[in-house]
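Here the structure is laid out as structure tokens; the discussion comes afterwards.
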Amino acid sequence: MKVEIISPDSVVYSGEASLVSLPGAKGAFEILQNHAAIISSLSQGKIKLQTKDGDKFFDISGGMVECNKNKVNILVN
């Protein structure tokens, strides 16, 4: 999947991932390849990306995620 993590200042991450784990406002959840379209708010916590180069982690204080057609856009504070 194509993943972009964007803050107000810059693009924090742009690349491919096989799994995205997110701190949802109502509980943690994961997005895998071919996930149904979703828009959700995020709470404070860690984003975990499984990439071919290993796991990557990003601390966030909140934000939003949109997933559609194997493209995941994450807007963070």
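No value in this document is a laboratory result; all are computed from the given coordinates. A quick note: this is a predicted structure, and the numbers were derived from the prediction, not measured. Don't worry about glycine lacking a Cβ; one is built from the backbone with ideal geometry, like all the others, and counts go over all protein chains shown.
Data overview
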| read-out | value |
| --- | --- |
| Every residue from the range 42-71 that is among the β-branched types (Val, Ile, Thr) and either under 19 Å from Asp9 (Cα atoms) or free of Cβ contacts under 8 Å to residues at least 12 places away in the same chain (or both) | Ile47, Ile60, Val65 |
| Top-ranked residue in the range 44-60 [being more than 13 Å from Ile5 (Cβ to Cβ) and not basic (Lys, Arg); ranked as surrounded by the fewest Cβ atoms within 10 Å (Cβ to Cβ)] | Gly54 |
| Residues satisfying the stated conditions in the range 24-38, i.e. farther than 14 Å from Ile60 by Cβ and either exposed (fewer than 13 other Cβ atoms within 10 Å of the Cβ) or hydrophobic (A, V, I, L, M, F, W, C) (or both) | Lys26, Gly27, Phe29, Glu30, Ile31, Leu32, Gln33, Asn34, Ala36, Ala37, Ile38 |
| Every residue from the range 3-46 that is within 10 Å of the chain's Cα centre (by Cα) and among the aliphatic types (A, V, I, L, M) | Val3, Ile5, Ile6, Ala17, Leu19, Val20, Leu22, Ile31, Leu42 |
| Residue within the range 25-39 that is at positive phi and touching a residue at least 24 places away in the same chain (Cβ under 8 Å) present | yes |
| Residue among Ser41, Ser14, Ser21 that alone is in a strand (DSSP E or B) and either crowded, with 16+ Cβ neighbours inside 10 Å or acidic (Asp, Glu) (or both) | Ser21 |
